[in-house]
1. If I filter segment 267-298 down to residues being within 22 Å of residue 398 (Cα to Cα) and crowded, with 23+ Cβ neighbours inside 10 Å, which single residue comes out as farthest from ligand 2 (Cβ to nearest atom)?
2. Output the residue which, of all residues in segment 233-270 that are among the aromatic types (Phe, Trp, Tyr) and under 22 Å from the mean Cα position of the chain (by Cα), is farthest from residue 295 (Cα to Cα).
3. What number of residues within segment 244-263 are buried (at least 18 other Cβ atoms within 10 Å of the Cβ) and either more than 15 Å from ligand 1 (Cβ to nearest atom) or within 26 Å of residue 403 (Cα to Cα) (or both)?
4. Going residue by residue through segment 209-232, is there one that turns out to be more than 23 Å from residue 304 (Cβ to Cβ), within 13 Å of ligand 2 (Cβ to nearest atom), in the same structural domain as residue 308 (by TED's automatic domain parsing) and over 20 Å from the mean Cα position of the chain (by Cα)?
5. Kindly evaluate residue 232 against the criterion of being surrounded by fewer than 18 Cβ atoms within 10 Å (Cβ to Cβ), at pLDDT 95 or above and within 14 Å of ligand 3 (Cβ to nearest atom).
6. Which of the residues spanning segment 331-358 are surrounded by fewer than 17 Cβ atoms within 10 Å (Cβ to Cβ) and either farther than 23 Å from residue 279 by Cα or of a type in the set (A, V, I, L, M) (or both)?
Amino acid sequence: MLLRRIRLPWFSVLKAQVTIPARLQRSCETLNSNRWLHTTPHPSPCAWKARDDCLELKHGGLVMQFDYMWLRDHCRSASCYNSKTNQRSLDTASIDLSIRPDQTRVDNENLFLTWPDGHITQYKLDWLVQNSYEGQKHSAMQPRNLWNASSYTRADARSARWEKFMSCDQELKLFLNNFLLYGIAFVEDVPATVEATELVTQRVSLIRETMYGRMWSFTSDYSRGDTAYTKLALDRHTDTAYFQEPCGIQVFHCLRHEGTGGRTLLVDGFHAADQVLQKSPELFAILSQVPIKHEYIENLSDHCNHMIGIGPVLNVYPWNNEVYMIRYNNYDRAVINTVSQDVVQRWYRAHRALTSELRNPENELWVKLKPGKVIFIDNWRVLHGRESFTGLRQLCGCYLTRDDVLNTARSLGLKA
Ligand SMILES: C[N+](C)(C)CCCC[C@H](N)C(=O)O
Ligand SMILES: O=C(O)CCC(=O)C(=O)O
Ligand SMILES: [Fe+2]
């Protein structure tokens with residue numbers, strides 16, 4: 001398809017290298033409004049058209065439309081952009097909103113624009129391709145493999161090993177690659193202490209301190225006003241849905257368990273959301289639009305907290321409909337009073353559809369956490385739960401800041 005486009009006949013027009021002033025460009029357009037202009041001899045990989053409100057550029061089989069204001073605003077010249085700090089110095093508000101270049105020229109690798117005040121902007125064509133809407137819009141922000149229990153098991157994502165993980169970037173990269181693809185990743189052979197668990201997490205990110213502390217270590221002692229601190233089963237959920245920004249990553253290390261039960265349940269929330277989207281897009285839309293409140297109210301003598309977070313169950317990027325965060329916690333969901341009765345009714349149906357997918361036994365991955373095995377869970381994607389248990393069970397861990405995990409991944413060359 002792309003190759004066929006390149007061979008179209010208007011690609012061989014205008015063989016000489018010319019610069020066409022804006023006034024003439026406009027009259028060219030009226031005469032030949034569908035004509036692509038080349039400013040280098042054939043075979044140039046690039047052609048352009050100056051339309052009334054945008055510059056259309058054809059390069060490498062891609063047709064891109066650049067707003068004139070955008071082209072002026074993104075100028076990378078030394079006076080407009082500080083390449084040492086990677087920050088814009090140009091004052092966007094000082095640009096005439098109806099600006100157009102006086103002159104446009106393209107060579108094999110660059111686009112040159114001369115603006116009415118004489119300022120010249122030079123763009124590398126490859127940069128334009130990479131940064132255009134047309135070059136970006138189909139790509140997911142982050143590649144990921146949606147899974148159910150059997151596909152995750154078949155994928156055979158290898159755990160990282162403590163010694164190598166702590167010293168070798170390649171091992172960290174493998175771990176983060178798994179984390180980005182599946183939303184869960186493991187490090188094994190970690191000494192069964194809070195200190196070693198902390199060291200493992202610091203290889204990946206900064207710790208996000210919350211009202212539960214920095215590193216926490218808890219058992220079923222009702223020390224806090226939450227079901228997590230009991231021996232009861234916990235249905236699948238994401239944590240801290242009651243924060244304005246729920247914690248990005250959850251780390252668990254079971255330091256000790258003398259008893260039965262207590263397995264951990266993991267479910268890929270993005271896979272469940274995708275199933276809802278495939279089967280009933282209108283229910284998916286409701287879950288991504290209706291704001292829902294979650295709340296944490298704790299009134300103990302030494303812990304008083306009241307947290308509130310409001311947002312849809314499915315948080316979706318508006319430009320590509322990609323789900324980036326799921327908030328699902330039926331324990332902590334607060335009174336619904338933000339929408340009217342008809343919306344409430346539709347929301348409960350949509351919630352039921354998502355819950356059915358989340359509860360589909362095929363989607364349930366059960367693991368028994370043992371001393372030495374640290375799990376990192378993407379709390380914006382993968383839900384966790386636990387089986388009821390007997391005996392003494394001690395779990396330690398922490399939350400991590402999502403930005404810092406992604407930052408580490410990018411520094412190792414991963415797309416995140
Ligand atoms: C992990 N840690 C035991 C510290 C806290 C548990 C928080 C439990 C809360 N209901 C929530 O889901 O956010
Ligand atoms: O006890 C467990 O395995 C997990 C409890 C839980 O959901 C939590 O601490 O967030
Ligand atoms: Fe939890």
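1. Keep residues of segment 267-298 that are within 22 Å of residue 398 (Cα to Cα), which gives 267-269, 294-298.
Going one step further and asking which of them are crowded, with 23+ Cβ neighbours inside 10 Å, we end up with 267-269, 294.
On the way: 267: 13, 268: 17, 269: 14, 294: 14 Å.
Going through the qualifying residues, I end up with 268.
2. The first filter runs over segment 233-270 and keeps only residues among the aromatic types (Phe, Trp, Tyr), leaving 242-243, 252, 270.
Still in the list and also under 22 Å from the mean Cα position of the chain (by Cα): 242-243, 270.
Values: 242: 5, 243: 8, 270: 23 Å.
The selected residue is 270.
3. Counting residues in segment 244-263 that are buried (at least 18 other Cβ atoms within 10 Å of the Cβ) and either more than 15 Å from ligand 1 (Cβ to nearest atom) or within 26 Å of residue 403 (Cα to Cα) (or both) gives 10.
4. Keep residues of segment 209-232 that are more than 23 Å from residue 304 (Cβ to Cβ), which gives 231-232.
Going one step further and asking which of them are within 13 Å of ligand 2 (Cβ to nearest atom), we end up with 231-232.
Right, trim to in the same structural domain as residue 308 (by TED's automatic domain parsing) and you get 231-232.
Okay, now just the ones that are also over 20 Å from the mean Cα position of the chain (by Cα), so 231-232.
Yes: segment 209-232 contains one or more residues that are more than 23 Å from residue 304 (Cβ to Cβ), within 13 Å of ligand 2 (Cβ to nearest atom), in the same structural domain as residue 308 (by TED's automatic domain parsing) and over 20 Å from the mean Cα position of the chain (by Cα).
5. Criteria met by residue 232.
6. 331, 335, 336, 337, 338, 339, 340, 341, 343, 344, listed by residue number.
For every residue, the table says whether it meets (1) basic (Lys, Arg); (2) part of a loop (DSSP other than H, G, I, E, B); (3) closer than 24 Å to residue 57 by Cβ.
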{"position": "75", "(1), (2), (3)": "no, yes, yes"}
{"position": "97", "(1), (2), (3)": "no, yes, yes"}
{"position": "101", "(1), (2), (3)": "no, yes, yes"}
{"position": "108", "(1), (2), (3)": "no, yes, yes"}
{"position": "113", "(1), (2), (3)": "no, no, yes"}
{"position": "117", "(1), (2), (3)": "no, yes, yes"}
{"position": "144", "(1), (2), (3)": "yes, yes, no"}
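The values are calculated or read from the model by the stated rules, or taken from the named source; none is laboratory data. All figures in this text were calculated on a predicted structure; none of them were measured in a lab. We place every Cβ from the backbone using ideal geometry, glycine too, and count neighbours over all the protein chains shown.
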